[in-house]
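A short worksheet on the structure shown next.
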Amino acid sequence: MATMKSTGITPTMIKYGGGISAVRALPKAKGKRPAVIILHERYGIDQHTKDLTVKLAQAGFVGLAPDLFHRFAGDRKAVLRGEQRVDLTDEGALEDLNGAVEYLKRLKEVDAARIGIIGVCQTGRQPVLLAAIRSDIAGAVVLYGAIGGREWMGNNLRPTPIEDLTAQVSCPVLGIFGEADHIISIDDVVRFRNCLEKAKKNCHIRIYPGAPHGWLNDTMPGRYRKEAAKDAWSLMMAFLKKCFSGGWDRNRIVCRYESDYWTKYNFSKNIRLE
């Protein structure tokens, strides 16, 4: 990721909604700008999340990364190390994200009609959840999350299966996944695509060859894939710009699917990389 010195954009910690912490980065461009909520991985707000917030500002967006783990009272350092998992509830996530949207709408730098959201890994579900509840989200991006295993079933924390949420989304959806992901299979991706098409939702799905889970994260050399990460970031920015500019025709249903995987693909052989 680009450094803060070279961009001239510095992320700042802010609080909204009665005390929820968030990282915010403002673009250099003047006037009201589109805003993008970027959600952290299972590690909480780490350097990678801060870097992505700055990259959003570089792209001309107001970036906001809320701390969805703020209710957790345990060892946050263990969470950052990946030794402790914090489970999110749909109720809590919606409260936090609704607060984030309202905060952005009140911000003088933000065009309230152009707000998008990106969910990464553990938080991949939340963009779909928010877009299923609200009608004022311009675009939702799922980055190797939301559709792995148990997400297809409801539970006490997340009662609505992802398939049902998909049928309710009010905006175009971009889904980005990797062939070598040990959590999300190609079958999961195909099922997700089919759900979007069945519900007549505008969408774009891409599977990157050889990419493991978490391959956008350049702070984890074992899983980072430079070329795929560069291409995926460009894809996300182009998708969001299209959403913010009204590039999706509401009278047409367009679903683009791009897959690239081995004929002998075997999900059971995919492993976790650090």
field: Number of the condition not met by Val141 [criteria: (1) in contact with a helix residue (DSSP H, G or I) (Cβ under 6 Å, 6 or more places away or on another chain); (2) part of a loop (DSSP other than H, G, I, E, B); (3) not hydroxyl-bearing (Ser, Thr, Tyr)]
entry: (2)
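Residue by residue, here is whether (1) touching a Cys at 6+ places or on another chain (Cβ under 6 Å); (2) buried (at least 17 other Cβ atoms within 10 Å of the Cβ) holds:
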| position | (1), (2) |
| --- | --- |
| Ser135 | no, no |
| Ala138 | yes, yes |
| Arg150 | no, no |
| Pro161 | no, no |
| Cys171 | no, yes |
| Leu174 | no, yes |
| Gly178 | no, yes |
| Asp181 | no, yes |
task: Kindly establish whether Ala132 is among the aliphatic types (A, V, I, L, M) and under 21 Å from Asp51 (Cα atoms).
output: no
task: Report, ordered by the first and then the second residue, all pairs with beta carbons closer than 6 Å, sequence separation of six or more or different chains, a first member in segment 244-261 that is farther than 12 Å from Arg206 by Cβ, and a second member that is among the small types (Gly, Ala, Ser) and surrounded by 10 or more Cβ atoms within 10 Å (Cβ to Cβ).
output: Phe244/Ala138
message: Looking at segment 258-270, can you tell me whether even one residue there is surrounded by 18 or more Cβ atoms within 10 Å (Cβ to Cβ), out of contact with any strand residue (DSSP E or B) (no Cβ under 7 Å at 6 or more places or on another chain) and either small (Gly, Ala, Ser) or in a strand (DSSP E or B) (or both)?
response: no
- line: If we keep only residues of segment 47-71 that are in a loop (DSSP other than H, G, I, E, B) and touching a Pro at 6+ places or on another chain (Cβ under 8 Å), then the residue surrounded by the most Cβ atoms within 10 Å (Cβ to Cβ) is Phe61
statement: Going through segment 82-94 in order, the residues found to be charged (D, E, K, R) and without any contact (Cβ under 8 Å) to a residue 24 or more places away in the chain are Glu83, Glu91
query: If you check Gly74 against the conditions, is it of a type in the set (Gly, Ala, Ser) and either in a loop (DSSP other than H, G, I, E, B) or crowded, with 20+ Cβ neighbours inside 10 Å (or both)?
result: yes
Val254 being β-branched (Val, Ile, Thr), under 30 Å from Gly82 (Cβ atoms) and either at pLDDT 95 or above or buried (at least 17 other Cβ atoms within 10 Å of the Cβ) (or both): no
field: Only listed residue being under 22 Å from Met236 (Cα atoms) and surrounded by 14 or more Cβ atoms within 10 Å (Cβ to Cβ), chosen from Asp96, Asp90, Asp111
entry: Asp111
task: Select from segment 1-28 the residues that are hydrophobic (A, V, I, L, M, F, W, C), at pLDDT below 90 and not in a helix (DSSP H, G or I) and list them in ascending order.
output: Met1, Ala2
task: Hey, can you tell me all the residues within segment 212-245 that are farther than 18 Å from Ala59 by Cβ and either in contact with a helix residue (DSSP H, G or I) (Cβ under 6 Å, 6 or more places away or on another chain) or in a loop (DSSP other than H, G, I, E, B) (or both)?
output: His213, Gly214, Trp215, Asn217, Thr219, Met220, Pro221, Gly222, Arg223, Tyr224, Arg225
message: Would you confirm, using the coordinates I've provided, whether Pro34 is buried (at least 22 other Cβ atoms within 10 Å of the Cβ), in contact with a helix residue (DSSP H, G or I) (Cβ under 6 Å, 6 or more places away or on another chain) and either in a loop (DSSP other than H, G, I, E, B) or modelled with pLDDT of 95 or more (or both)?
response: yes
field: Any hit, segment 130-138, residues being closer than 22 Å to Lys264 by Cβ and in contact (Cβ under 8 Å) with a residue 12 or more places away in the chain
entry: no
- prompt: Of all residues in segment 217-251 being closer than 20 Å to Ile117 by Cα and acidic (Asp, Glu), which is surrounded by the most Cβ atoms within 10 Å (Cβ to Cβ)?
  reply: Asp231
- prompt: From the list Arg272, Arg223, which residue is closer than 19 Å to Glu151 by Cβ and in contact (Cβ under 8 Å) with a residue 40 or more places away in the chain?
  reply: Arg272
task: Provide a single number: the residues in segment 166-220 that are in contact (Cβ under 8 Å) with a residue 40 or more places away in the chain, under 21 Å from Arg252 (Cα atoms) and under 16 Å from the mean Cα position of the chain (by Cα).
output: 10
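The values are calculated or read from the model by the stated rules, or taken from the named source; none is laboratory data. It should be emphasised that the depicted structure is a prediction, and the values quoted were computed from it without experimental measurement. Heads up, the Cβs are rebuilt from the backbone with ideal geometry, glycines too, and the neighbour counts pull from every protein chain shown.
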